[in-house]
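Below is one structure, written out as structure tokens; the observations come after it.
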Amino acid sequence: MTNKNTDPTCPCKKKSCPRHGDCDACRQHHAESKRQRPVYCDRKISVRSFRKGDEFDVSDVIRTTLAVSNSKDYPPEFIEENIESHSPEVIASRAAESHFYVVLDGRKIIGCGGITGYWGSETESYLVSIFVLPEYQGRGIGRRIIGALEADEYFHRAWRTEVGSSLTAVDFYLKMGYTYKNGLTTPDEFGVVRLEKINESKI
Ligand SMILES: CC(C)(COP(=O)(O)OP(=O)(O)OC[C@H]1O[C@@H](n2cnc3c(N)ncnc32)[C@H](O)[C@@H]1OP(=O)(O)O)[C@@H](O)C(=O)NCCC(=O)NCCS
């Protein structure tokens with residue numbers, strides 16, 4: 001195998017590895033190996049509950065992701081309005097009203113997401129503010145956020161959990177097992193597509 005070295009900034013210390021700098025080959029190799037070790041750049045990735053003071057970094061993560069990732073699917077006015085509305089104060093109150101999680105790379109917040117009661121319901125739940133910084137997307141971090149939210153008591157107590165998905169994230173939620181609510185595949189008046197996951201054990 002030749003060393004493609006597609007990414008000269010690869011932080012892994014094993015420079016002699018034939019996959020060094022080739023992220024896809026490296027991830028595939030680790031996924032297939034018997035010893036399930038994370039790839040070098042994922043070793044410091046962790047998920048924890050939101051803490052007071054995180055609202056500033058979480059707001060930055062959401063605002064950056066909106067500007068870079070969601071701007072491909074929405075007009076500039078929509079993005080600007082959303083960036084405006086995701087202030088640290090709004091995040092702090094959203095976190096207080098939900099079970100909110102952050103993803104870290106070392107000590108840096110790189111993703112977030114929360115779960116709350118659907119309009120205050122104790123039998124239906126709702127996912128909020130799932131974002132992964134653009135440079136960390138496609139590395140299984142969104143899946144880890146969903147894992148944390150679906151391990152949460154608010155997911156387990158509900159017979160169904162809904163998400164108002166951005167156009168950008170619909171395929172991600174479909175991959176995570178969510179389905180179109182009432183079969184509707186088009187966005188509503190808020191520009192989001194409604195998807196849900198049914199908790200069969202609660203029906
Ligand atoms: C949607 C988002 C949270 C996904 O996070 P991510 O870390 O990139 O997702 P993952 O790498 O964990 O992907 C998990 C799976 O979903 C798939 N997936 C993710 N985004 C996808 C997309 N846009 N289209 C198709 N599949 C997608 C991945 O291929 C992966 O599948 P695999 O495990 O079979 O390889 C992230 O892309 C994001 O922040 N998007 C912009 C913000 C946004 O719209 N958030 C949702 C608000 S409702």
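The values are calculated or read from the model by the stated rules, or taken from the named source; none is laboratory data. Quick caveat: nothing in here was measured; it's all calculated off a predicted structure. Using ideal geometry, Cβ is built from the backbone for each residue, glycine included, and neighbour counts are taken over all protein chains shown.
Restricting attention to region 13-67, the residues that are of a type in the set (Ser, Thr, Tyr) and in contact (Cβ under 8 Å) with a residue 60 or more places away in the chain add up to 2. Residue 201 meets all of the listed conditions (1) assigned to a loop (DSSP other than H, G, I, E, B); (2) farther than 27 Å from residue 133 by Cβ but one, namely (1). Filtered by the rule that a residue be within 6 Å of the ligand (Cβ to nearest atom), outside any strand (DSSP E or B), touching a helix residue (DSSP H, G or I) at 6+ places or on another chain (Cβ under 8 Å) and within 16 Å of residue 65 (Cβ to Cβ), region 118-146 gives 139, 142.
Whether a residue is within 12 Å of the ligand (Cβ to nearest atom) and farther than 16 Å from residue 41 by Cβ was assessed, and residue 164 passes this test. Residue count for region 11-24 under the criterion of being within 23 Å of the chain's Cα centre (by Cα) and either modelled with pLDDT of 90 or more or surrounded by 13 or more Cβ atoms within 10 Å (Cβ to Cβ) (or both): the result is 1. If you go through region 59-85 and keep only what is assigned to a loop (DSSP other than H, G, I, E, B) and within 13 Å of the ligand (Cβ to nearest atom), you end up with 69, 73, 74.
The single condition among (1) without any contact (Cβ under 8 Å) to a residue 24 or more places away in the chain; (2) not in a helix (DSSP H, G or I) that residue 173 does not meet is (2). Residue 72 passes every criterion in (1) surrounded by 13 or more Cβ atoms within 10 Å (Cβ to Cβ); (2) in the same structural domain as residue 145 (by TED's automatic domain parsing); (3) touching a residue at least 24 places away in the same chain (Cβ under 8 Å) apart from (1).
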